[in-house]
Amino acid sequence: MEEKSKLIHATELFADLSATLIMSGANTNRALRNVKRISEHFNYTCHIFHSYSGVALTVQDKNTKEKYTEFVNIPVHGINFNAVSDISILSWEVIDNDLSLEDIQERLIEIKAKPHYKKYVTWFFVSLAGAALCRIFDGDVLQFFVVFLATFLGLYGRSIFMKRSFNVYICWLAGAFTSVSVVSIFKLFFPEMSSAFATCVLWMIPGVPLINGLIDVLSGHLVSGFAKYVHAMMLIFMIAVGYFLSLTIFGNGIF
């Protein structure tokens, strides 16, 4: 019975680790490597299936041949590379320092509890990056500041919808609509805004799901890979819808 309880505890912990990695922006291959590295240390065989919305995991004790299966739902996909890095480091520490399952669970709780960067600091630097891209696209100083403002307000607008638990695609539409509308308003007074229009929504491009989707497909994880691609394409489509609605309402052309 003790071995059975340990197996159940290990399975639940491995499933939590795997789900945390996927939720934090890790690709499927990385999640598999980290979890299997830990499971091998405890003399378990681990079989994992990743879909976009969950992780199904079966762990078998190599000695007793007993198995236990756990499914963990993944409600949201975010970006937290600090958590991904910390779990990767933890997987090697398990081997080097012979950590117990309880030690791993405590460390995982600490990793999950680590604070993110402050919201407005993140928004400031994302807005600065968008404005810098505008300058690279031959935008003048005015367009630099317009894109900075458009990006910052777009982030703020999207956050309002996210706080109210709107569908993620509606949140993306709202963010794109807000950013393009800011540029459209400035275009009423300053005709030359072509570079600003071209770069004001670049902050919304879903790079992580696109890259992870490609890695997953190339690695043979077709279900999770294509699901990430479809999700990314939907986000891009909603950006386009928000862009179109703003230009239609304000009656502006890009050129």
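Listing for the model above:
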| read-out | value |
| --- | --- |
| Pick from the stretch 108-123, criterion open to solvent by 100 Å² or more (accessible area, probe 1.4 Å) and free of Cβ contacts under 8 Å to residues at least 40 places away in the same chain, ranking: farthest from Ser18 (Cα to Cα) | Tyr120 |
| Members of the stretch 137-147 that are in contact (Cβ under 8 Å) with a residue 24 or more places away in the chain and either in a helix (DSSP H, G or I) or open to solvent by 70 Å² or more (accessible area, probe 1.4 Å) (or both) | Phe137, Asp138, Leu142, Gln143, Val146, Val147 |
| Qualifying residue in the stretch 29-48 (condition: outside any helix (DSSP H, G or I), surrounded by 15 or more Cβ atoms within 10 Å (Cβ to Cβ), out of contact with any Cys (no Cβ under 9 Å at 6 or more places or on another chain) and of a type in the set (Gly, Ala, Ser)) | no |
| Per-region count, the stretch 53-84, residues out of contact with any strand residue (DSSP E or B) (no Cβ under 8 Å at 6 or more places or on another chain), open to solvent by 50 Å² or more (accessible area, probe 1.4 Å) and either polar (S, T, N, Q) or not in a loop (DSSP other than H, G, I, E, B) (or both) | 4 |
| Any chance Lys118 is within 21 Å of Ile38 (Cα to Cα) and not β-branched (Val, Ile, Thr) | no |
| Residue within the stretch 216-226 that is assigned to a helix (DSSP H, G or I), open to solvent by 70 Å² or more (accessible area, probe 1.4 Å) and touching a residue at least 60 places away in the same chain (Cβ under 8 Å) present | yes |
| Output for the stretch 186-211, where each listed residue is in a helix (DSSP H, G or I) and in contact with a helix residue (DSSP H, G or I) (Cβ under 7 Å, 6 or more places away or on another chain) | Phe186, Ser195, Ala196, Phe197, Thr199, Leu202, Trp203, Met204, Pro209, Leu210 |
| Residue that is exposed (fewer than 15 other Cβ atoms within 10 Å of the Cβ), under 29 Å from Lys119 (Cβ atoms), touching a residue at least 24 places away in the same chain (Cβ under 8 Å) and over 23 Å from the mean Cα position of the chain (by Cα), where the choices are Ile205, Ile249 | Ile249 |
| Condition check for Gly175: under 19 Å from Ser53 (Cβ atoms), open to solvent by less than 10 Å² (accessible area, probe 1.4 Å) and either in contact with a Lys or Arg (Cβ under 8 Å, 6 or more places away or on another chain) or outside any helix (DSSP H, G or I) (or both) | no |
| Any chance Val182 is part of a helix (DSSP H, G or I) and under 30 Å from Ser24 (Cβ atoms) | no |
| Residue ID - least open to solvent (accessible area, probe 1.4 Å), chosen from residues in the stretch 148-166 that are in a helix (DSSP H, G or I) and farther than 16 Å from Tyr120 by Cβ | Ala150 |
| Residue selected from the stretch 78-107 under the condition touching a residue at least 24 places away in the same chain (Cβ under 8 Å) and small (Gly, Ala, Ser), by the criterion nearest to Met193 (Cα to Cα) | Gly78 |
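The values are calculated or read from the model by the stated rules, or taken from the named source; none is laboratory data. These numbers were taken from a predicted model, which means no experiment stands behind them. Neighbour counts are summed over all protein chains in view; Cβ atoms, including those assigned to glycine, are modelled from backbone coordinates with ideal geometry. Remember, those area values only see protein heavy atoms, side chains included, never the ligands or the DNA or RNA. Shrake-Rupley method; radii C 1.70, N 1.55, O 1.52, S 1.80 Å.
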